[in-house]
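Asks: Before I ask anything, here is the structure I am working with.
Every number in this text was worked out from the coordinates using simple rules, so none of it is lab data. No experiment lies behind these values; they were computed from the predicted model shown. Cβ placement follows ideal geometry from the backbone for every residue including glycine, while neighbour counts extend to all protein chains displayed.
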Amino acid sequence: MIKGAYDGITVLDFTQGVAGPHATMLLALHGADVIKIEPPEGDWGRALGEIKGDHCAHSVAFNRGKRSIALDLKSADGKAVVNKVMAKANVVIESFRPGVISRLGFGYEDAKKVNPKVVYCSVSGFGQTGPYSKRPTVDGLIQAFSGMMVMNRLPDGTPWRQGMIAVDVTTGLYTFQALAPALMRQLRFGEGSYIDSSLMKAAAAYQGAKLMEWVFSNGTPPPLYMPAGSYKTANGYIMVSAMRPHHFKALFELIGRNDIANDPELQGHEARIRNAPRIIKALQETMPSKTTEEWIALLQPKEVFCERVNNYTDYLDHPHVKESGAIDWIEQDGFGRMPVANIPGLPPASQHEAQQHAPHTGENGADILKELGYSANEIDAIFARGGVQAPTILAKAAD
């Protein structure tokens, strides 16, 4: 087994939901020991959508490779356990509302006292400062706040929310990339640091080019090029993209619309954008005359960019997806056999199935306590007092 880049790194993970857990999962999949601190009832991210046992698809997708201990952060035992982990952690990451973690006694200043070199990261909706810093929010609200819904508007102008938690997932990626150089500074120079990561900033970074376009177009950004869009065919939809002049001409010649291909008013980039309604109308009139597969067979050999609009079943069953190893199927106990998207830069999930396991609430509590130096009798007493929750399996066995 190839060593992970973060083998030997300990992460104290207070995060819940998707954004923070996504970042810490990436650390775990690269080898870090991520100790997930959950409340006794579990991370609220375990209840996003359909639930099976104590997991949903999102909690499995963004918590693989971690270890979980469930505890009450206000209890004496819970505080003692967290302080022991904090003292040795390379990274501490939290996603409470700004100010909450400090009131609990585990903020950045608290961490620095016992661990001066710690990399400390806070993930929030609007960031740690500013008039909206303590404002509650979720992914969809940040899509609205950041302009993303306007960028993604329907043809009639209605702002539209993306159908997945795009900002949360993106925030996880940006947070992971912020942690990577911070860890490098820690390991090379012995420096600690503080990272303020937020959904609001991540949404802006993701849309950086669109923000620029909006300003220099006075709020009316044009299409990048024309045509580019999906069109109904006889049996589904096809996406076509014809940015370059020869692609544009070839597309409309091949579909039998020489009137568009040879129109003198459509022979330049700006002219095509200016006359977009005519181009779109021609495609809407013509594409339903053949199936998606017939159009692809006609267009792709001439290097006209086009692709079938798939659903997720189409994608998972596609021979290219299978042969390229984009997806592995992993069994998650209590949840079933699920597809795992292999992450660029990491070995396939099938090569390290144990690392793909998403822990149940508090599943690793006994092991974590033992590693922190607690004896078997002390662990039994801690579980009995209830500040730290016994793993469900142990609780059932005790019954």
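Asks: Mind pulling the angle between the C-alpha long axis of helix 276-286 and the longest principal axis of the chain? Nearest 10 degrees, somewhere in 0 to 90.
Replies: Value to nearest ten degrees: 80.
Asks: Shifting gears a bit: Whole Å is fine, so just give me how far the alpha carbon centre of the stretch 187-245 lies from that of the stretch 120-176.
Replies: The stretch 187-245 and the stretch 120-176 have Cα centres spaced 14 Å from each other.
Asks: Based on the mean of other Cβ atoms within 10 Å per residue, sort peptides 227-235, 343-351, 312-320 so the most packed one is first.
Replies: 227-235, 343-351, 312-320
Asks: Under a point-charge model restricted to the Cβ atoms of Lys and Arg (+1) and Asp and Glu (-1), what is the dipole moment magnitude of the stretch 228-315 relative to its Cα centre, in debye to the nearest 20?
Replies: Result for the stretch 228-315 is approximately 160 debye, rounded to the nearest 20.
Asks: A follow-up question, please. Do any GluC sites (Glu not before Pro) in the stretch 39-133 lie in a loop, going by DSSP, with at most 16 other beta-carbon atoms within 10 Å of their beta carbon, and if so which?
Replies: GLU41, GLU50
Asks: Highest GNM mean-square fluctuation, the chain, Cα pairs closer than 10 Å: which of ASN152, ASN364, ASN218?
Replies: ASN218
Asks: In degrees, nearest 10, range 0 to 90: what is the angle between the Cα axis of helix 245-254 and the longest Cα principal axis of the chain?
Replies: Result, in degrees: 70.
Asks: Note down the net charge around ILE35, summing +1 for each Lys or Arg and -1 for each Asp or Glu among other residues with Cβ under 12 Å from its Cβ.
Replies: Within the 12 Å Cβ shell, the charges total -1.
Asks: Now for a different question. Among GLY386, GLY163, GLY373, whose mean-square fluctuation peaks in a Gaussian network model of the chain (Cα, cutoff 10 Å)?
Replies: Among GLY386, GLY163, GLY373, the largest GNM mean-square fluctuation belongs to GLY163.
Asks: Are there GluC sites (Glu not before Pro) in the stretch 258-366 that DSSP puts in a loop and that have at most 14 other Cβ atoms within 10 Å, and which ones?
Replies: Listed in order of number, the matching sites are GLU303.
Asks: Right, another one. Among MET239, MET25, MET86, determine the one that fluctuates most according to a GNM of the chain built with springs between C-alpha atoms less than 10 Å apart.
Replies: Its mean-square fluctuation being the largest, the pick is MET239.
Asks: Longer than 27 Å from Cα to Cα, which of LYS36/LYS74; LYS79/LYS112; LYS84/LYS134; LYS52/LYS370 are they? Say none if no pair is.
Replies: Checking Cα-Cα distances, LYS84/LYS134; LYS52/LYS370 exceed 27 Å.
Asks: In degrees between 0 and 90, to the nearest 10, how far off the longest principal axis of the chain does helix 19-29 point, with axes built from Cα atoms?
Replies: That helix lies at roughly 80 degrees to the long axis.
Asks: Here is a follow-up. So what is the calculated 222 nm ellipticity per residue for the chain, using -39500 (n - 2.57) for each DSSP H run with n of 4 or more, over all residues, to the nearest 500 deg cm²/dmol?
Replies: After summing the helix terms and dividing by the residues of the chain, the value is -11500 deg cm²/dmol.
Asks: Which percent of the Cα-Cα distances in the chain go past 34 Å?
Replies: Looking at the chain, the distances longer than 34 Å represent 43 percent of pairs.
Asks: Which lysines have a Cα lying under 19 Å from the Cα of LYS290, excluding residues fewer than 8 positions away in the same chain?
Replies: LYS232, LYS281, LYS302
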